[in-house]
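*Asks:* Take a look at the following structure, please.
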Amino acid sequence: MRVTFCGTRGSTPAPGPDFYRYGGHTSCVALSHDGAGDVAPQLILDAGTGLRRLPELLGDRPFTGTMLLTHLHWDHVQGLPFFGSGDRDDARVTLLLPGDGDQTDAAALLARMMSPPFFPIGPAQLRGDWRFGLIPRGTFEAEGFTVTAIDVPHKGGRTLGFRVSDGHSSVAYIPDHCPTAFGPGPEGIGEYHEAALGLARGVDVLIHDSHLRAEEVEAEGSFGHAAAEYAVELGTKAGAGRVALFHHRPERSDAEVDRTLCRFAESPVPVIGAQEATTLSL
Ligand SMILES: [Zn+2]
Ligand SMILES: [Zn+2]
């Protein structure tokens, strides 16, 4: 499969020359089936402002596929009203999100964020064939991918992590994760709990929250995020092939992300910083 980082930032966008390489758009990852021919992304993970990059991948084509949201915080949904490839008459979009319970009306929940006076239109006014629903429990099929969704601790609303496989390669996506919610763990930066280990076990790439650095966890861990050191150790423990640091905090410049990466030069698992507008072929 191909994994394209459309937005790698957490909390707010981060425009400007200091953020050029890792990018300024908020969380959004597009997955495509590999192949010589058509490689249009069919599965989108989160709808941060990075969604605005989809027309670059699709060209003139509409988006036809599924969008999965880990949770409904602003930095994971604010691209939705500006999704040019999906807001057109020939688009077909299945949008699935985590509900509070099986009776949750997905479109109504989304409309709490996207409706007047907060935004001019609601989800139902997006053009094209849009379907809204809840993410099934456990493992399910979406656009030829096998997806497993598992709850992970974060803050303020239910949050999922995803594991996606195409039968050949696999990726884990855990962009917002507060592992200290389950205790300090062996290094004081959070517990390596079964949900996180299960999602990441043996994947080709683990895309993980690295909002914090280890020394920031004590003061800021309660805000709901993980340290880069936790992401790398989780990837190591789970036998991931590679770790992509993701959800860079908005004030972390390119030079600062590079500085974080330097900490892992000797890591047993290869570590990269997720860079907007780059694609990994797995
Ligand atoms: Zn976030
Ligand atoms: Zn969040």
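The values are calculated or read from the model by the stated rules, or taken from the named source; none is laboratory data. Since the model is a prediction, treat every value here as computed from it, not as a measurement. Here the Cβ is made from the backbone with ideal geometry for all residues, glycine too, and neighbour counts use every protein chain on show.
*Asks:* Step by step: first the residues of the stretch 86-116, then only those that are in contact with a strand residue (DSSP E or B) (Cβ under 8 Å, 6 or more places away or on another chain) and farther than 15 Å from L72 by Cα, then the one that is surrounded by the most Cβ atoms within 10 Å (Cβ to Cβ). Which residue is that?
*Replies:* G86
*Asks:* Starting from the stretch 52-76, keep only residues that are polar (S, T, N, Q), then list their pairs with residues that are assigned to a loop (DSSP other than H, G, I, E, B) and more than 15 Å from ligand 1 (Cβ to nearest atom) whose Cβ atoms are within a distance under 8 Å, requiring at least 6 positions of separation or different chains.
*Replies:* What qualifies is T64/A40; T64/Q42; T64/A91; T66/Q42; T66/E143.
*Asks:* If a residue has to be more than 16 Å from ligand 2 (Cβ to nearest atom) and either in contact with a His (Cβ under 7 Å, 6 or more places away or on another chain) or part of a strand (DSSP E or B) (or both) to count, how many in the stretch 71-101 make the cut?
*Replies:* 5
*Asks:* Do we have T104 as touching a Lys or Arg at 6+ places or on another chain (Cβ under 6 Å) and away from ligand 2 (no atom under 16 Å from the Cβ) here?
*Replies:* Numbers: touching a Lys or Arg at 6+ places or on another chain (Cβ under 6 Å): no; away from ligand 2 (no atom under 16 Å from the Cβ): yes.
The answer is no for T104.
*Asks:* Right, something else. Residue under question is P13, and the condition is that it be touching a Ser or Thr at 6+ places or on another chain (Cβ under 7 Å) and within 28 Å of A255 (Cα to Cα); does it hold? Full working, then the answer.
*Replies:* Working: touching a Ser or Thr at 6+ places or on another chain (Cβ under 7 Å): yes; within 28 Å of A255 (Cα to Cα): yes.
Judged against the criteria, P13 is a match.
*Asks:* Does the stretch 245-262 contain at least one residue that is part of a loop (DSSP other than H, G, I, E, B), away from ligand 1 (no atom under 16 Å from the Cβ), surrounded by fewer than 24 Cβ atoms within 10 Å (Cβ to Cβ) and charged (D, E, K, R)?
*Replies:* Just the residues of the stretch 245-262 that are part of a loop (DSSP other than H, G, I, E, B), to begin with: 247, 249-253.
Filter again for away from ligand 1 (no atom under 16 Å from the Cβ), leaving 253.
In the following step, the residues that additionally are surrounded by fewer than 24 Cβ atoms within 10 Å (Cβ to Cβ) were identified as 253.
Next, from what is left, pick out any that are charged (D, E, K, R): none.
No: the stretch 245-262 contains no residue that is part of a loop (DSSP other than H, G, I, E, B), away from ligand 1 (no atom under 16 Å from the Cβ), surrounded by fewer than 24 Cβ atoms within 10 Å (Cβ to Cβ) and charged (D, E, K, R).
*Asks:* If you don't mind, another one. Would you be able to tell me the number of residues in the stretch 68-114 that are within 16 Å of ligand 1 (Cβ to nearest atom) and modelled with pLDDT of 95 or more? Explain how you work it out, then say what you get.
*Replies:* The initial filter retains those residues of the stretch 68-114 that are within 16 Å of ligand 1 (Cβ to nearest atom), namely 68-80, 97-98, 113.
Filter once more, so that each one left must be modelled with pLDDT of 95 or more: 68-80, 97-98.
Adding up the residues that qualify gives 15.
*Asks:* Scan the stretch 117-151 for residues that are more than 15 Å from the chain's Cα centre (by Cα), buried (at least 18 other Cβ atoms within 10 Å of the Cβ), outside any loop (DSSP other than H, G, I, E, B) and of a type in the set (A, V, I, L, M, F, W, C) and jot them down.
*Replies:* W130, F132, A142, F145
*Asks:* Tell me the residue from D105, D46, D90, D75 that is out of contact with any Ser or Thr (no Cβ under 9 Å at 6 or more places or on another chain) and of a type outside the set (G, A, S), please.
*Replies:* Numbers: D46 fails: out of contact with any Ser or Thr (no Cβ under 9 Å at 6 or more places or on another chain); D90 fails: out of contact with any Ser or Thr (no Cβ under 9 Å at 6 or more places or on another chain); D75 fails: out of contact with any Ser or Thr (no Cβ under 9 Å at 6 or more places or on another chain).
Going through D105, D46, D90, D75 in turn, just one is out of contact with any Ser or Thr (no Cβ under 9 Å at 6 or more places or on another chain) and of a type outside the set (G, A, S): D105.
*Asks:* Let me ask you something else. Considering (1) away from ligand 2 (no atom under 14 Å from the Cβ); (2) in contact with a helix residue (DSSP H, G or I) (Cβ under 8 Å, 6 or more places away or on another chain); (3) under 23 Å from E233 (Cβ atoms), say which one F182 fails and leave the rest.
*Replies:* Only one criterion is unmet by F182, namely (2).
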